[in-house]
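What follows is a set of notes on a single structure, which appears directly below.
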Protein chains: 2
Amino acid sequence: MDIIVSAPGKVILHGEHSVVYGKPAIAASLNLRSYIHLTPTNDGKVSVNLPSLHLKQSWEITDLEKIAALNNDSPDEVMKMIIELVEKNSDLHGSKTQACSTFLYLYIAICGRNRMSSSMKIQLYSKLPIGAGLGSSASFSVCLATALLLNQNMISDELTVEDRKLIESWSFQGERIIHGNPSGIDNAVATYGGAIRFQSGEILPLQNIPKLRILLVSTGVPRSTKTLVANVRDKYNRLHNIMTPVLEAMASLTVECEKLFVKMSSGDESCTLNFTALEEMIDMNQHLLQTIGVSHPELDKICDITKKYGLHSKLTGAGGGGCAFTLLTPNLKEETLNSVIQELKAEGFHCFETDVGTSGVLIETEPPEKIF
Amino acid sequence: MDIIVSAPGKVILHGEHSVVYGKPAIAASLNLRSYIHLTPTNDGKVSVNLPSLHLKQSWEITDLEKIAALNNDSPDEVMKMIIELVEKNSDLHGSKTQACSTFLYLYIAICGRNRMSSSMKIQLYSKLPIGAGLGSSASFSVCLATALLLNQNMISDELTVEDRKLIESWSFQGERIIHGNPSGIDNAVATYGGAIRFQSGEILPLQNIPKLRILLVSTGVPRSTKTLVANVRDKYNRLHNIMTPVLEAMASLTVECEKLFVKMSSGDESCTLNFTALEEMIDMNQHLLQTIGVSHPELDKICDITKKYGLHSKLTGAGGGGCAFTLLTPNLKEETLNSVIQELKAEGFHCFETDVGTSGVLIETEPPEKIF
C-alpha cells in the first residue's frame, strides 16, 4: 500500500545565538513541508528519487540485506558499509551522499529488523529551501522514519504520542548522519509541530501556540553557522560586560514572547494589541541581533522594505545571510502583501507565504506529485 | 577694546537615554563653534546682532540701568522686568525672546554690577545648527558670559581654571533662562572642552580624550526630546525585564568607551585597532538605541549610507530625528570622504566635517565676520 507522509520545517522565533549561552529559545514548525511517497515494488530494488537534490538512485535489496545481517551491536560497522555502498557511485557527494546514507541507515535499521525483503520506491519532495537553517534535513528524516515505520507496521496510522516518540527517536538517528551532533530541536518540531522551548539541551513542547501567518524571506546568501557562532563568542570574550546584558535581554524577550503566546491562546487570538506586542518584540530582537553582529545588509534590507509597508521582520537562525521572517497580521490587506512580495522579489529575494505553529508529521491522502 | 571669543557645541558620544536611568554618559565638545564679537560703543545703547536668528535689537542703557538698580536679592523681579522689556517688541518670540532675555539677564547681572554704563555692540555667529541637541544655546551662553566678564575685567584673558569656573557658573544662569532646568552638561563642555562623563547629576571632566574627527550629519527632522524620553519610559514600564539589561548594556558600553579613550591617550592615538574598537562600539550602541525605539528612518539611512563606505555612525542625543555622527578614521581617504558627503547631501542631509574633544571657550584674534 502506498504511504504518503509530510512533515514541516522549523523557524527559530526568538533566542537564536543567546541559546548558545544557556538562554531559552523558541522554535516553531514552519508549514513549508517535505513529503515522502513510498510505493512498494516487486523489482528487488530500493529506489529513491529526490528531485530537489537531483538525486535518483537505487540499490539491490540483496546488498542491503547483507549489511542488515550484521550484528546490530556493531552500528559503526553498519555505517561504514553503508558509506562504502553509497560511495561506490562516484557521482554522489555532499548533500547527496548524506541523503543516501541517511536513507540507507534508516531503511536497514527499520526494515532490516524484520528480515523481510522490502522492495520499494521512495519519492521525496520539499517546499523547504535546503541548507537555509529551516530544518529541511530533519523534515526529510522525520518523513522517512514515519514512512518506513508505517511500512513495517511498527506504528499505527493514528500517529499516537507513542508513535511520535518512536518517529522522533528514529529521525534523530537519521539527523545524526547529516549533522553529526544535532540539537534534536529540528526533528522534535518536525515530529510534533506547534512550538517548543529549548534551553541547555532540554526540549519542552509549548502548549497553545497561536497559529501565526508569516512571510519567510530567503536572502539566498549562504552563511556558516559555525563562523557566526564563533564571531559572537569572540565579541562575548572581548566585550563581556556589554554582551552579557545583551544576551540577557534576548533571554527576557524570549520569555516575554512565550508569555504572550499563552495569553493569545487563552484569549482572542486575533487581538490587534497582541500582534502589536509581537511586532515590537520582533523589532527589538532584530536590533539586538544586529548589536551582536549577526545580521547582514540583505537581512537589513528585508526589514527596511517590509517596514515601509508597516510590517515587522527579523532574521531567523544563525543570521549573516539565510532567512528572515515577516509577521503577517490578521488585518493585513492582500494588496499590501502582494506589493511587499513584489518589491522583495524585485530585490532578488525568495518569498514563501506560510504559517508557523502548525501540525507536525501528517499522513497525507494526496500524492505529492500532484502538488509539485 | 574689542573682544572676540568662541565656544564649542557638544555631542553625546554614548549614553543618551540610559543616562535618564542613572547610567553614565559621555559628552564631548564639538568643534562647530559659536563666536561673539563685542565692540564697545559710545551711543548709549546696547545692540545685539544674531544673524543666525535674524535678530537685530538694541536697548537704551538707561532702561537697563533701571533694572540693574533693583535689589540684587530680587532676581525674580529682575527677570520679570527683562521679559517685559523684551516683549515690548512684538516681533520677538520663541528663540528670539529667549536669546534676548539671556543676553539682557547676563548683561545686567555682569555689567550692572559695576554700575557703569557699558555701551556696546554684540555680534553672534554660529556654525552650530540651532535646536538640534548640539548645545548651541550653551555655546552662545558661554561666549556671552566670557565676553561680558572680560569686558568688565572680572576674568583675565588667560582664562584660568578659576576664570572658567566663573564662566561656567554664569553661563549656567543664562542656560536656565533658555532651558528652564538644564543639566549643566552643555555649558560645562562649552567652557572646558574635551569630554565629560555625567551620571546622576554629577559632571566629571575626562582627562586625555583623544581628538576625534567626525562627520556630523543632520537629518533636519525635528524631534521632541520630551516625547522620546517618554516613549522609552513607556517601553521600560511595559517591558521592564527586556529594557533593564538593554540599558545595562548601554552603561557598560559607555564605560568601555571611556577605558578605550584612556588607552588611546596613553598610547598611540592613531592606532588602527583602537579605531576599529571605537567603530564597533558605535555600531553596537546605534543598534541598542534602535532596540529602545529612538532611531528614525532618516538616521538609519545615514548609518546605511556611511556603512557602504566602510564608515560607522550612530545617532547622538535624543534621536527620533536630529543628528548622527560618523567617525572619520585617520587612514580615511579624502576621496572616500568626499563621496560619502556627496551621497549624504544628495539625500538631503546636512554634513559638517569637524572634530570632537577640542578646546572649550577661547579668546580669538580674528573677527568672526571674516569667517562667516
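Quick notes
- Subset of segment B:79-100 [of a type in the set (D, E, K, R) and not in a loop (DSSP other than H, G, I, E, B)]: B:LYS80, B:GLU84, B:GLU87, B:LYS96
- Scope segment A:296-319; condition within 11 Å of chain B (Cβ to nearest Cβ) and either under 15 Å from A:LEU215 (Cβ atoms) or surrounded by 23 or more Cβ atoms within 10 Å (Cβ to Cβ) (or both); matching residues: A:LYS301, A:CYS303, A:ASP304, A:LYS307, A:LYS308
- Contact map, segment A:237-252: first residue without any contact (Cβ under 8 Å) to a residue 60 or more places away in the chain, second residue outside any helix (DSSP H, G or I), Cβ cut-off under 7 Å, separation 6 or more or different chains; pairs are A:MET243/A:ILE292; A:VAL246/A:ILE292.
- Among the residues making up segment B:42-61, those that are more than 29 Å from the chain's Cα centre (by Cα) and either surrounded by 15 or more Cβ atoms within 10 Å (Cβ to Cβ) or in a helix (DSSP H, G or I) (or both) are B:LYS45, B:ILE61.
- Applying the condition of being open to solvent by 20 Å² or more (accessible area, probe 1.4 Å) and touching a residue at least 60 places away in the same chain (Cβ under 8 Å) to segment B:151-162 and asking which residue is farthest from B:LEU50 (Cα to Cα) yields B:ASP157.
- Taken over segment A:11-27, the criterion of being open to solvent by less than 20 Å² (accessible area, probe 1.4 Å) and not in a strand (DSSP E or B) is satisfied by A:GLY15, A:GLU16, A:HIS17, A:SER18, A:PRO24.
- Residue that is farthest from the other protein chains (Cβ to nearest Cβ) [pool: residues in segment A:225-239 that are open to solvent by 10 Å² or more (accessible area, probe 1.4 Å) and in contact with a helix residue (DSSP H, G or I) (Cβ under 9 Å, 6 or more places away or on another chain)]: A:VAL229
- Strands (runs of 3 or more DSSP E) completely within segment B:167-218 that count 3 or more residues being open to solvent by less than 50 Å² (accessible area, probe 1.4 Å): B:195-199, B:212-218
- Some residue of segment A:329-348 being of a type in the set (D, E, K, R) and under 30 Å from B:ASN237 (Cβ atoms): no
- Boolean, A:ASP186 is away from chain B (no Cβ under 14 Å) and without any contact (Cβ under 8 Å) to a residue 24 or more places away in the chain: no
- Residues (small (Gly, Ala, Ser) and away from chain B (no Cβ under 14 Å)) located in segment A:246-285: A:SER265, A:SER266, A:GLY267, A:SER270
- Per-region count, segment B:142-159, residues under 19 Å from B:GLU369 (Cα atoms) and modelled with pLDDT under 95: 0
- Within the set B:LEU64, B:LEU92, B:LEU30, B:LEU106, the sole residue that is modelled with pLDDT under 85 and open to solvent by less than 40 Å² (accessible area, probe 1.4 Å) turns out to be B:LEU92.
The values are calculated or read from the model by the stated rules, or taken from the named source; none is laboratory data. As the structure is a prediction and not an experimental result, all values here were calculated from the model. Cβ: placed from backbone, ideal geometry, glycine included. Neighbour counts: every protein chain shown. Heavy atoms of the whole protein, side chains included, go into the accessibility calculation; ligands, DNA and RNA do not. Shrake-Rupley method; radii C 1.70, N 1.55, O 1.52, S 1.80 Å.
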